[in-house]
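**Q** Just passing along the structure, written as structure tokens.
Every number in this text was worked out from the coordinates using simple rules, so none of it is lab data. Owing to the predicted nature of the structure, the values given are computational and were not obtained by experimental measurement. Neighbour counts are summed over all protein chains in view; Cβ atoms, including those assigned to glycine, are modelled from backbone coordinates with ideal geometry.
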There are 2 protein chains.
Amino acid sequence: MDEVPGSLGTSASFALRLGQTVFSSASLLFMSMGVQFYSYTSFCFLVTIMGLVVPWSFTLALVDGYSVLVKCPIRQQGILLVIVAGDWVLSILTLAAACSTTSVVDMLLRVDGSHCPPKFCSRYVISAVMAFLSWFLSAASSLFNLWLLPSL
Amino acid sequence: MDEVPGSLGTSASFALRLGQTVFSSASLLFMSMGVQFYSYTSFCFLVTIMGLVVPWSFTLALVDGYSVLVKCPIRQQGILLVIVAGDWVLSILTLAAACSTTSVVDMLLRVDGSHCPPKFCSRYVISAVMAFLSWFLSAASSLFNLWLLPSL
């Protein structure tokens, strides 16, 4: 069986998962430290989704790290299917949350400057950028695992 | 070779493309008829993306309709790859535009009621719903064609 770089149990996958964990945690922290996040639906949505992505990515990072260490990657179709489906759903939700946050930040900056003190606004922007990076890595993981799926 | 229902050149694919064309046209029309759409970045983004999705879906609907009529589906890997990639990019952009629009509409309704007269706001909401439906069909088309790709 071919080894797909970036699929479950490889060191590239470990790097992707670690990146997802870091970016989604950063997004969550930057948004949570802005005290006004609960007044906008999009920001609450982002916090909720990032709260789901962080444990999911962290768990899979642990699984990948273990697989790399013992040199025995998991190759069961059922498990892989669950992981691909989970990645898929979470990456769609992450993209949705990132876009919503970006559009709300854009609107706060443009339409009504008084709603957005610079101290909070830069945090919102950083949070949105981190969410986009997290989405990008999550979509990459999902595609690599989807590619591996038919060969099992 | 197996026939994948919903893949290029089948009647299910024709129905999907027709649905995409109808929903994205409806989204575009409802947003364009609201005269204030150019004052918000997200709404301009939605109009731009829908302006790309309408001709793309319409062209592929014509191709599918022709394939169904002459009973000779296109089965060339290069063409299918371009269609899958195009569907993929457009469905991601459609989702992004739909989410942005939804969050801006939500914000207009919540934070500042005066910015959003009911006549326009209901149009924005309908436009966002249509964009979500268009995204759903577009993602389905993309997945079906992706499923067909390895068998060529």
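**Q** Using Cβ counts within 10 Å as a stand-in for footprinting exposure, how do A:102, A:41 rank, fewest first? Each step should come with its number before you reach the end.
**A** On the way: A:102 25, A:41 16.
The order, fewest Cβ neighbours first, is A:41, A:102.
**Q** Please give the helix B:41-70 orientation as an angle from the longest Cα principal axis of chain B, in degrees from 0 to 90, rounded to the nearest 10.
**A** With rounding to tens, the tilt is 30 degrees.
**Q** Expressed as an acute angle from 0 to 90° and rounded to the nearest 10, what is the orientation of the C-alpha long axis of helix B:11-33 relative to the principal long axis of chain B?
**A** With both axes taken from Cα atoms, the answer is about 20 degrees.
**Q** What ranking do A:22, B:105 get, fewest neighbouring Cβ atoms within 10 angstrom at the top?
**A** Placing the least packed residue first, the sequence is A:22, B:105.
**Q** Tell me the mean residue ellipticity at 222 nm calculated for chain B from its helices only (DSSP H runs of n ≥ 4, each -39500 (n - 2.57), averaged over every residue, nearest 500). It would help to have the intermediate numbers written out before the result.
**A** On the way: 4 runs with 118 residues, N = 152.
It lands at -28000 deg cm²/dmol.
**Q** With the Cα gyration tensor of chain B giving a ≥ b ≥ c as the square roots of its eigenvalues, does the rule (a/c under 1.5 for rounded; else a/b larger than b/c for prolate; else oblate) give rounded, prolate or oblate? Write down the numbers at each step before the final one.
**A** Working: a/c = 3.16, a/b = 2.56, b/c = 1.24.
Prolate is the answer for chain B, as a/c is 1.5 or above and a/b outweighs b/c.
**Q** What's the local net charge at residue A:8, with K and R +1, D and E -1, over the other residues with C-beta under 9 Å away?
**A** Its environment carries a net charge of 0.
**Q** According to the square roots a ≥ b ≥ c of the eigenvalues of the Cα gyration tensor, what is the shape class of the protein assembly as shown, taking rounded for a/c under 1.5, prolate for a/b larger than b/c otherwise, and oblate for the remainder? Let's see the in-between values first.
**A** Working: a/c = 3.00, a/b = 1.10, b/c = 2.72.
Because a/c hits 1.5 or more and a/b fails to exceed b/c, the protein assembly as shown counts as oblate.
**Q** Quick one: compute the contact order of chain B, relative version, from alpha carbon pairs under 8 angstrom and 6+ residues apart, as a percent.
**A** 41 percent
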